[in-house]
Amino acid sequence: MASRNEEVLREAFMTKRSQNKSPFTPTNWKDRWFVLTPHNLIYYDGDRNSGRKREKGRVDLSKVWAVESVEYSAFQKDLVFQLVYGSTADTESVTLYIAASSAHDHDDWLEHIRSLVGNNTNLAEVFHKGALLRNQWSCCRGPKDAVACTPVTWTRNNNATPGMLCPEVDRSGRPRRYCYDQPSPSPPLNQDNMLPKKIVVAIYDYNPTEIGDLPLRKNEEYEVLQDAEENWWRMRNRNGEEGYAPSNYVKEKASLGLQQYDWYLGDATRQRAEFILKREEKEGCFVVRNSTTTTGMYTLSVYSKQPTPQVKHYHIKREGDLYYLSQSIKCRTIPDLIFKHKYNPGGLCTRLRSPPTHGRQPPTTAGISHDKWEIDPNELNLLEELGSGQFGVVRHGKLKCMDVAVKMMKEGTMSEEAFIEEAKVMTQLQHTNLVQLYGVCSRHRPIYIVTEYLRYGSLLLYLRQKEKHLITCSEQLLDMCLQVCEGMAYLEKQRFIHRDLAARNCLVGSQGVIKVGDFGLARYVVDDEYAGSGGAKFPIKWAAPEVLNYMRFSSKSDVWAFGVLMWEVFTCGRMPYGKLRNAEVVDRVQSGQVLERPTYCPETVYELMKLCWTHDVDRRPSFADMRCQIVEIQEA
Ligand code: ADP
Ligand code: MG
């Protein structure tokens with residue numbers, strides 16, 4: 001493990017290319033656990049199951065002189081990046097090739113490492129964007145010692161010429177931060193401040209709830225005027241009207257990719273695709289989604305009534321620059337391929353016709369507007385009661401035309417001031433599998449918490465009501481777990497601890513969506529019955545040993561609770577440990593006994609639950625690990 005005094009900045013499983021002894025041995029990629037600290041990138045023997053890790057190597061970041069992407073054709077592989085380090089003389093340097101597991105991870109790791117090496121004195125101006133294969137560079141076809149062919153894509157200063165390095169300190173003597181170059185040819189300039197214009201395209205319609213926010217129309221272009229904040233950007237439309245709009249409703253024109261097509265579902269799972277297509281029941285209805293097993297690859301899902309109603313899934317294969325589903329039709333782009341298969345089934349169960357009418361749903365926005373979390377209760381139209389819980393009654397409501405749920409907090413149940421402060425942060429958390437917090441009404445008592453509304457209510461009740469139908473559908477149940485895991489992996493990445501993850505705190509929406517709710521609220525409960533692990537209302541049955549012993553909460557204690565939640569899902573809502581009293585549960589957990597395997601739960605899934613119940617916190621998997629493992633089972 002990274003030594004005690006080295007702060008861990010980032011960690012993940014990624015694959016690493018073996019450093020070949022001979023240039024002629026085939027390329028070999030191995031799973032490694034990468035840990036980034038302020039001074040080193042360390043990789044460990046990654047055994048996902050046992051959690052056992054042994055250091056296999058490390059790169060001293062002060063010796064790094066290039067951090068760059070690798071072109072696809074070098075290894076026929078997407079998402080590969082390289083760290084070149086050692087002596088700047090090409091012949092003595094070493095290159096570490098790493099394949100990230102998503103485009104997002106790839107960019108994040110690259111950026112994070114760059115931020116740490118940005119002040120190295122030996123940074124390069126040029127690099128090889130390909131790889132050295134059989135003693136020849138795949139990019140420039142030069143020999144091993146050929147001068148690198150491609151200008152680096154980043155520099156340390158905003159004003160620098162692309163590919164050039166600038167002095168390490170600015171005029172005031174402060175170290176400079178790195179930055180990215182603009183791709184050439186130079187993009188149009190924004191007239192106000194002479195920075196390059198950022199043009200985005202709306203991928204969903206957006207109807208603001210606040211005056212002054214800018215409505216968005218799908219497929220129209222907007223100029224971004226201010227993007228300093230993550231979730232709300234100031235934009236200008238073609239008519240010159242300006243206002244804030246949610247950044248997750250637009251995509252940069254230059255990297256729009258498949259987002260512009262209604263048939264593209266992004267990261268939707270196989271289950272979600274089936275759900276959407278089966279509901280439409282239209283011959284040839286289809287979607288394309290990211291492959292869950294191979295990053296950078298895609299899967300086509302098609303509905304056909306012949307011979308019996310079913311959804312078929314096809315991997316879109318790639319050969320060099322060409323995509324294909326069958327050998328007879330190969331195209332340069334996926335939209336071309338889809339177009340061709342609209343006229344010719346070419347081996348598919350049916351020809352492709354149209355995307356679903358209710359396919360891609362617009363995501364929630366992080367809060368209701370830029371910098372706004374206080375909601376005027378007069379703007380809320382309160383409707384029927386949805387239920388009541390620990391904090392009081394929950395009602396359905398409308399905020400302008402948007403459906404919301406309104407939690408009316410019983411007075412004296414929570415430390416309100418602290419919560420209101422935190423709510424500002426919580427509105428900024430945005431993920432498909434998290435119940436969105438829109439804001440609070442905090443000027444009146446009781447205070448209201450206004451969140452996204454999910455029509456099918458609590459997951460616990462849903463499981464209990466649908467037990468007959470669900471109990472044997474282990475694929476569907478596992479998909480529910482995966483969705484919760486995705487939401488939690490996001491919270492883990494944001495370093496936000498839930499503290500009360502359980503089926504009762506998850507909700508079910510349309511299209512089979514599951515969302516995690518009530519994150520972080522537990523911290524503001526003032527009820528003595530709840531507050532300590534000795535309290536009668538404390539969720540003992542979901543608590544990890546380190547929580548029972550020392551009240552030590554972490555994302556890893558959330559993982560323990562996630563194991564219990566998986567058990568709730570696979571028993572369709574049974575109470576963990578049945579009628580055992582809290583003290584007995586604590587004894588059981590401390591002595592290492594775990595919940596039994598639910599009758600219809602596959603052995604592989606039960607193994608995952610048990611991984612969550614690893615007593616040693618360091619060996620317990622993270623949500624990111626759990627996600628990989630669940631996907632593996634789904635695809636098996
Ligand atoms: P609990 O203490 O059981 O977690 P909550 O106060 O969180 O209670 O919620 C009470 C009930 O209100 C839930 O069981 C659910 O049926 C309903 N509910 C809560 N939030 C929402 C929401 N965002 N959308 C729809 N129903 C909700
Ligand atoms: Mg709740």
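The values are calculated or read from the model by the stated rules, or taken from the named source; none is laboratory data. Model, not experiment: these values are computed from the prediction. Note that each Cβ is placed from the backbone with ideal geometry, even for glycine, and that neighbours are counted across all protein chains shown. The area values use the complete protein model at the heavy-atom level, side chains included, leaving out ligands, DNA and RNA. Shrake-Rupley method; radii C 1.70, N 1.55, O 1.52, S 1.80 Å.
May I ask you to verify whether Gln390 is open to solvent by 30 Å² or more (accessible area, probe 1.4 Å), touching a Ser or Thr at 6+ places or on another chain (Cβ under 8 Å) and at pLDDT below 90? Taking the combined requirement at face value, the residue satisfies it. Being acidic (Asp, Glu) and at pLDDT 80 or above is a description that applies to Asp107.
Filtered by the rule that a residue be in contact (Cβ under 8 Å) with a residue 24 or more places away in the chain and within 11 Å of ligand 1 (Cβ to nearest atom), region 392-433 gives Gly392, His396, Gly397, Asp403, Val404, Ala405, Val406, Lys407, Met408, Met409, Lys410, Thr413.
Cβ-Cβ contacts under 7 Å between residues 6 or more apart (or on different chains), taken from a first residue in region 54-78 that is among the acidic types (Asp, Glu) to a second residue that is open to solvent by less than 20 Å² (accessible area, probe 1.4 Å), are listed as Glu55/Ile42; Glu55/Tyr44; Glu68/Phe81; Glu68/Gln82; Glu68/Phe127; Glu68/Val152; Glu71/Gly130.
Inspect all residues belonging to region 421-438 and state whether any of them is surrounded by 21 or more Cβ atoms within 10 Å (Cβ to Cβ) and over 30 Å from the mean Cα position of the chain (by Cα). Taking every residue of region 421-438 in turn, none turns out to be surrounded by 21 or more Cβ atoms within 10 Å (Cβ to Cβ) and over 30 Å from the mean Cα position of the chain (by Cα).
Residues of region 582-622 that are assigned to a helix (DSSP H, G or I), of a type in the set (Lys, Arg) and closer than 16 Å to Val569 by Cβ: Lys610 alone.
Of all residues in region 232-250, none are touching a residue at least 40 places away in the same chain (Cβ under 8 Å), surrounded by fewer than 17 Cβ atoms within 10 Å (Cβ to Cβ) and out of contact with any Phe, Trp or Tyr (no Cβ under 9 Å at 6 or more places or on another chain).
Every residue, every condition in (1) among the basic types (Lys, Arg); (2) modelled with pLDDT of 90 or more; (3) buried (at least 17 other Cβ atoms within 10 Å of the Cβ), yes or no:
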position	(1), (2), (3)
His370	no, no, yes
Glu374	no, yes, no
Pro377	no, yes, no
Leu383	no, yes, no
Arg395	yes, yes, yes
Leu399	no, yes, yes
Ser415	no, no, no
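Of the residues making up region 222-239, those that are of a type outside the set (A, V, I, L, M, F, W, C), modelled with pLDDT of 95 or more and out of contact with any Gly (no Cβ under 9 Å at 6 or more places or on another chain) are Tyr222, Glu223.
Check whether at least one residue in region 264-283 is open to solvent by 30 Å² or more (accessible area, probe 1.4 Å), touching a Leu at 6+ places or on another chain (Cβ under 7 Å) and polar (S, T, N, Q), and report yes or no. Within region 264-283 (the criterion being open to solvent by 30 Å² or more (accessible area, probe 1.4 Å), touching a Leu at 6+ places or on another chain (Cβ under 7 Å) and polar (S, T, N, Q)), the answer is no, since none of the residues qualifies.
Contact annotation: residue pairs with Cβ atoms under 8 Å, 6 or more positions apart or on different chains, pairing a residue in region 514-525 that is modelled with pLDDT of 90 or more and more than 12 Å from ligand 2 (Cβ to nearest atom) with a partner that is open to solvent by 20 Å² or more (accessible area, probe 1.4 Å) and assigned to a strand (DSSP E or B), are Ile514/Leu507. The set of residues from region 442-489 being within 15 Å of ligand 1 (Cβ to nearest atom), out of contact with any helix residue (DSSP H, G or I) (no Cβ under 7 Å at 6 or more places or on another chain) and either part of a helix (DSSP H, G or I) or of a type in the set (A, V, I, L, M, F, W, C) (or both) comprises Ile449, Val450, Leu454, Leu461, Tyr462, Arg464, Gln465, Gly487.
Within region 306-336, the set of residues being more than 20 Å from Lys77 (Cα to Cα) and under 31 Å from the mean Cα position of the chain (by Cα) comprises Gln310, Val311, Lys312, His313, Pro335, Asp336. Candidates Leu258, Leu225: the one that is open to solvent by less than 70 Å² (accessible area, probe 1.4 Å), of a type in the set (A, V, I, L, M, F, W, C) and free of Cβ contacts under 8 Å to residues at least 60 places away in the same chain is Leu225. Here Val393, Val406 are screened, and the one residue that is within 16 Å of ligand 2 (Cβ to nearest atom), within 24 Å of Ile211 (Cα to Cα) and out of contact with any His (no Cβ under 7 Å at 6 or more places or on another chain) is Val406. For region 284-330, a residue qualifies if it is hydrophobic (A, V, I, L, M, F, W, C), assigned to a loop (DSSP other than H, G, I, E, B) and farther than 18 Å from Arg360 by Cβ, and exactly one does: Met297. For residues in region 463-482 being in contact (Cβ under 8 Å) with a residue 60 or more places away in the chain and under 30 Å from Met408 (Cβ atoms), which is most open to solvent (accessible area, probe 1.4 Å)? Among those that are in contact (Cβ under 8 Å) with a residue 60 or more places away in the chain and under 30 Å from Met408 (Cβ atoms), it is Arg464. The number of residues in region 266-283 being among the basic types (Lys, Arg), touching a strand residue (DSSP E or B) at 6+ places or on another chain (Cβ under 9 Å) and part of a helix (DSSP H, G or I) comes to 3.
Applying a threshold of 6 Å to beta carbon distances and a minimum spacing of six or more residues, or different chains, the list of pairs starting in region 372-390 at a residue that is under 23 Å from Val526 (Cα atoms) and ending at one that is β-branched (Val, Ile, Thr) and within 10 Å of ligand 1 (Cβ to nearest atom) reads Gly387/Val394. What are the pairs, 6+ residues apart or on separate chains, where a residue within region 542-557 that is touching a residue at least 12 places away in the same chain (Cβ under 8 Å) and open to solvent by less than 20 Å² (accessible area, probe 1.4 Å) has its Cβ under 6 Å from a residue that is among the basic types (Lys, Arg) and assigned to a loop (DSSP other than H, G, I, E, B)? What qualifies is Glu546/Arg552. Just one of the listed residues (Arg495, Arg581) is out of contact with any strand residue (DSSP E or B) (no Cβ under 8 Å at 6 or more places or on another chain), away from ligand 2 (no atom under 14 Å from the Cβ), without any contact (Cβ under 8 Å) to a residue 40 or more places away in the chain and not assigned by TED's automatic domain parsing to the domain that holds Lys407, namely Arg581.
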